[in-house]
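Working notes, structure below.
The values are calculated or read from the model by the stated rules, or taken from the named source; none is laboratory data. If you're wondering where the values come from, they're calculated on a predicted model, not measured in any experiment. Please note: Cβ atoms are built from the backbone with ideal geometry, for glycine as well, and neighbour counts cover all protein chains shown. Remember, those area values only see protein heavy atoms, side chains included, never the ligands or the DNA or RNA. Shrake-Rupley method; radii C 1.70, N 1.55, O 1.52, S 1.80 Å.
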Amino acid sequence: MKVLVATEKPFSAKAVQGIRERIENAGHTFALLEKYTSPEELRKAAADADALIVRSDIVDAALFNAAPNLKIVVRAGAGYDNIDLKAATAAGAIVENTPGQNANAVAELVIGMAIMAARNKYSGATGFEISGKRLGLQAFGQVSRHVAAIARGFGMDVSAIDPYCPAEVMENNGVKCAASLQDLYAGNDIVSIHIPATPETVGSIGKNLISRLPKGAILINTARKEVINEPELELVLTERPDIKYFADVKPANADVLTEKFADRVFFTPKKSGAQTAEANLNAGLAAADQIVAFFRDGTDRFRVN
Ligand code: 3PG
């Protein structure tokens, strides 16, 4: 079988080497496409591939049409909103992710961003310490659980809300269950967003929630830009000069926000949450192992379609 690793944003060389070894040791053919610049380039490279490993790369109906042999696509990471699941199913391909493999990397970035915002981007202006402050986590999945553990080490008071996670799971992690999403926003000095982008969540975080934040609060988004109502975010940042927005997922109106609120917003130039040597290796090797297992005996534990 031909396994193509197609990553516009490459994995570390060590991760690529590890993936190659696992694929080749299992008797498959390894191919690599990195830093490609157009969907056509991806379609061409995938034309005779049986399996595909991607990151945030767009895998759409056009790609499945151009790659009729594809049997499995593994998103080396958590969020699979970049993959057209219906098109995959229609093409007879299974889709998997590698949940948890890059969670610690993203969690460390969240804490880094919290401190960077609390210290006014290290400008020298008097900031505040995160110790003793309240942290609210919107969703309590793998990334949130790592954030909670690190934040508790800093002496933060952590709460969360997640319709899919029982309160006792939060409590077992030393985290309080917030009474409502509105309360989560109203009752925390720092709120960190960890919901996936789905038809239900897209555009769901707007004025109604952001304007509830207490004075001087920080909103952190390392999840997906689509979950924010960006015009309403701009409106609240205008009305509330005390609020900060730091994101690893650059909003469409990033230039406007940076120009208007230079001291209070920060956006990574390229999504960097999962961009560590460790996360690349964890997610990349997990993806390779999942493909090898699928071709060996049909194992599809992490299937999402
Ligand atoms: C994920 O969903 O796993 C993260 O957003 C990481 O995405 P990336 O692999 O494109 O960096």
Exercise. When the helix-only estimate is applied to the chain (DSSP H runs of n ≥ 4, each -39,500 (n - 2.57), divided by the residue count), what is the mean residue ellipticity at 222 nm, nearest 500 deg cm²/dmol?
Worked result: -11000 deg cm²/dmol
Problem set entry | Ordering of 15-21, 156-162 by packing [mean C-beta count within 10 Å, highest first] | 156-162, 15-21
Exercise. Measuring with a 1.4 Å probe in the full set of protein chains, what accessible area per residue, in whole Å², belongs to region 1-120?
Worked result: 41
For this session: Assuming a ≥ b ≥ c are the square roots of the Cα gyration tensor eigenvalues, decide whether region 158-216 counts as rounded (a/c under 1.5), prolate (otherwise, with a/b larger than b/c) or oblate.
Result: oblate
Problem set entry | For region 1-76: relative contact order, % (alpha-carbon pairs under 8 angstrom, 6 or more apart) | 38
Problem set entry | Relative contact order of the chain, defined on C-alpha pairs under 8 angstrom at six or more residues apart (%) | 19
Exercise. Taking 0.36 nm per residue of separation and subtracting the Cα-Cα distance, what length does fully extending LYS176 through LYS44 add?
Worked result: 42.5 nm
For this session: Using a 1.4 angstrom probe on heavy atoms only, work out the carbon and sulfur share of the accessible area of region 207-272 in %.
Result: 54
Problem set entry | Contour minus Cα-Cα distance for ASP81 and THR37 (0.36 nm per residue) | 13.8 nm
Seminar exercise, completed: Measuring from the longest principal axis of the C-alpha atoms of the chain, the long axis of helix 230-239 (C-alpha) lies at a number of degrees, nearest 10, equal to 20
Exercise. So what's the convex hull volume per residue for the Cα atoms of the chain, in Å³?
Worked result: 134
Exercise. Pairs of lysine in region 148-305 with Cα under 25 Å and at least 8 positions apart or on different chains: total?
Worked result: 26
For this session: Take every Cα pair under 8 Å in region 160-258 that's 6+ residues apart, average their separations, divide by the length, and report that relative contact order as a whole percent.
Result: 24
